[in-house]
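The values are calculated or read from the model by the stated rules, or taken from the named source; none is laboratory data. Computed from a predicted structure; not experimentally measured. Ideal geometry is used to build each Cβ from the backbone, glycine not excepted, and the neighbour counts take in all protein chains shown. These area figures cover heavy atoms from the full protein model, side chains too; ligands, DNA and RNA do not enter into them. Shrake-Rupley method; radii C 1.70, N 1.55, O 1.52, S 1.80 Å.
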Amino acid sequence: MTYDALLLLSFGGPEGPDEVRPFLENVTRGRGIPPERLDAVAEHYLHFGGVSPINRLNREIIAAVETEFALTGIDLPVYFGNRNWHPMVEDTVSAMKADGVRNALVFPTSAWGGYSGCRQYHEDIARARAAVGDGAPQLTKLRQYYDHPLMVDSFADAIRAALSRLPADRRDGARVVFTAHSVPVSADEAAGPPFAGGNLYSRQVTEASRLCAAAAGVDEFDVVWQSRSGPPQIPWLDPDICDHLEALSASGVDAVVICPVGFVSDHLEVVWDLDTEAVEKAEELGMALERAGTPGADPRFATLVRTLVQERTADVAPQRLGSEPAFGTTVDGSPCNPGCCEPPVRRRPA
């Protein structure tokens with residue numbers, strides 16, 4: 001099949017104080033999140049001037065991908081659309097139609113399976129095409145890439161660099177802790193098609209952590225979670241990173257490297273939950289803490305995108321290191337398997 005564009009599809013984020021509350025209302029629409037919770041999350045954004053780094057980081061990825069394409073002879077324009085904030089994916093797909101795009105690939109800024117990590121991107125694609133109507137370009141989402149060797153190598157280098165920044169007298173006893181965005185336990189249980197056994201998201205996160213640790217020469221590590229946002233009566237994946245730091249400190253660990261394996265770039269969840277809250281918790285506990293970088297700014301990430309594109313355009317063999325499945329690609333905007341990654345049941349807080 002011939003493709004004539006690439007769409008980078010992401011989450012979106014505000015780029016000024018006046019955009020914070022409308023953005024959060026878009027994110028939480030229909031989820032019954034109380035206003036006071038939105039106020040609390042809004043303060044995270046306002047702490048950084050009301051600007052999320054995500055759009056800037058995605059534009060930098062796009063620029064790097066455009067350079068990679070030019071250097072390797074791939075003639076595909078790259079478009080940018082978001083689920084929750086401008087540029088909205090509906091507007092971007094409309095512009096693609098006006099530009100004559102007929103058949104485009106979609107690169108999501110999530111490497112994972114699960115509802116929010118994969119299926120919701122299919123829903124974004126279907127919603128955007130429906131909004132544009134007749135003549136909307138065909139959009140084919142690229143596969144999940146949690147175990148791509150270039151991403152694993154980038155994280156491994158970042159872990160080694162973070163370990164080297166720890167005080168020399170604490171380095172040997174440092175604990176490496178991998179984090180990813182928590183989701184409701186029920187959503188994780190529904191992650192993946194029925195034949196894959198469920199819990200695909202947490203299984204992928206655990207395997208990616210194992211691969212990155214092995215590549216970095218780390219024998220022992222932990223996998224924990226961050227950024228939960230639901231009501232306390234609904235179980236989410238745990239332990240939370242700050243709770244885990246307290247447990248490590250109580251067991252005598254005085255140095256930690258945190259690797260945000262669940263994120264491709266330094267999104268607000270990284271700079272708030274890890275660089276702010278986790279750092280404050282480590283200081284309170286007297287722990288040395290360094291945070292490993294994310295791969296989005298690494299030149300290898302643009303190469304990763306190019307290889308995923310070439311899997312569809314040039315029959316290049318997929319590059320994978322893991323044994324857990326990596327689904328996530330269809331040509332009609334639908335989930336890739338019947339019953340795959342069912343959306344979580346939304347419950348209003350009691």
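A few comments on the model shown:
- In this simple spin-label model, placing a label point 7 Å from the Cα along the Cα-to-Cβ direction at both residue 47 and residue 195 gives a separation of 4.5 nm.
- Other residues lying with their Cβ under 9 Å from the Cβ of residue 142 contribute a combined charge of +2, Lys and Arg counting +1, Asp and Glu -1.
- Only Cα pairs under 8 Å and 6+ residues apart enter the sum, and on that basis the relative contact order of the chain stands at 25 percent.
- Of the residues 146, 341, 177, the one whose Cα sits farthest toward the positive end of the charge dipole of the chain, with +1 on the Cβ of Lys and Arg and -1 on the Cβ of Asp and Glu, is 341.
- Against the rule of thumb 2.2 N^0.38 Å, how large the Cα Rg of the chain comes out: 0.98
- Here region 243-316 is assigned +1 on the Cβ of each Lys and Arg and -1 on the Cβ of each Asp and Glu. Its dipole about the Cα centre then comes out at about 540 debye.
- Other residues with beta-carbon under 14 Å from the beta-carbon of residue 286 carry, at +1 per Lys or Arg and -1 per Asp or Glu, a net charge of -4.
- Accessible-area rank, largest first, for 181, 148: 181, 148, with all protein chains present and a 1.4 angstrom probe.
- Amide hydrogen neighbours beyond the local backbone of residue 223, cut-off 5 Å, H modeled: 178
- Rounded to 10°, Cα long-axis angle of helix 54-72 versus longest principal axis of the chain: 60 degrees
- Angle between the chain longest axis and helix 89-98 axis [Cα atoms, degrees, rounded to 10]: 30 degrees
- Accessible area of region 52-97 belonging to carbon and sulfur atoms, whole % at 1.4 Å probe: 57 percent
- Ranked by solvent-accessible area (1.4 Å probe, protein heavy atoms only, all chains present), the residues 303, 179 order from largest to smallest as 303, 179.
- Here residue 4 sits with roughly 50 square angstrom of accessible surface, probe radius 1.4 Å.
- Contour excess over end-to-end distance, with Cα ends at residue 29 and residue 280 and 0.36 nm allotted per residue: 87.2 nm
- Amide H contacts of residue 79 (H built 1.01 Å from N, under 5 Å, at least 5 apart or other chain): 6, 7, 8
- Debye, to nearest 20: dipole size of the chain, +1 on Lys, Arg Cβ, -1 on Asp, Glu Cβ: 900 debye
- Computed about the Cα centre, the dipole magnitude for region 147-238 is approximately 220 debye when only Lys and Arg (+1) and Asp and Glu (-1) carry charge, each at its Cβ.
- Applying the Karplus relation 6.51 cos²θ - 1.76 cosθ + 1.60 with θ = phi - 60° to region 292-306 yields 3J(HN,Hα) values of 6, x, 9, x, x, 8, 7, x, 5, 5, 4, 5, 4, 4, 4 Hz, where x marks Gly and Pro.
- In the chain, the longest principal axis of the Cα atoms and the axis of helix 120-132 are about 30 degrees apart.
- Full-stretch length increase - residue 312, residue 330 - with 0.36 nm per residue and alpha-carbon distance subtracted: 5.4 nm
- Viscosity 1.567 mPa s, 4 °C: Kirkwood-radius Stokes-Einstein D of region 47-174 over Cα pairs, µm²/s: 75 µm²/s
- The chain, accessible area per residue, ligands and nucleic acids excluded (1.4 Å, Å²): 41 Å²
- With Cα atoms defining each centre, region 196-252 and region 39-102 are spaced 29 Å apart in the structure.
- Of all DSSP-defined beta bridges confined to region 1-128, some 10% are antiparallel rather than parallel.
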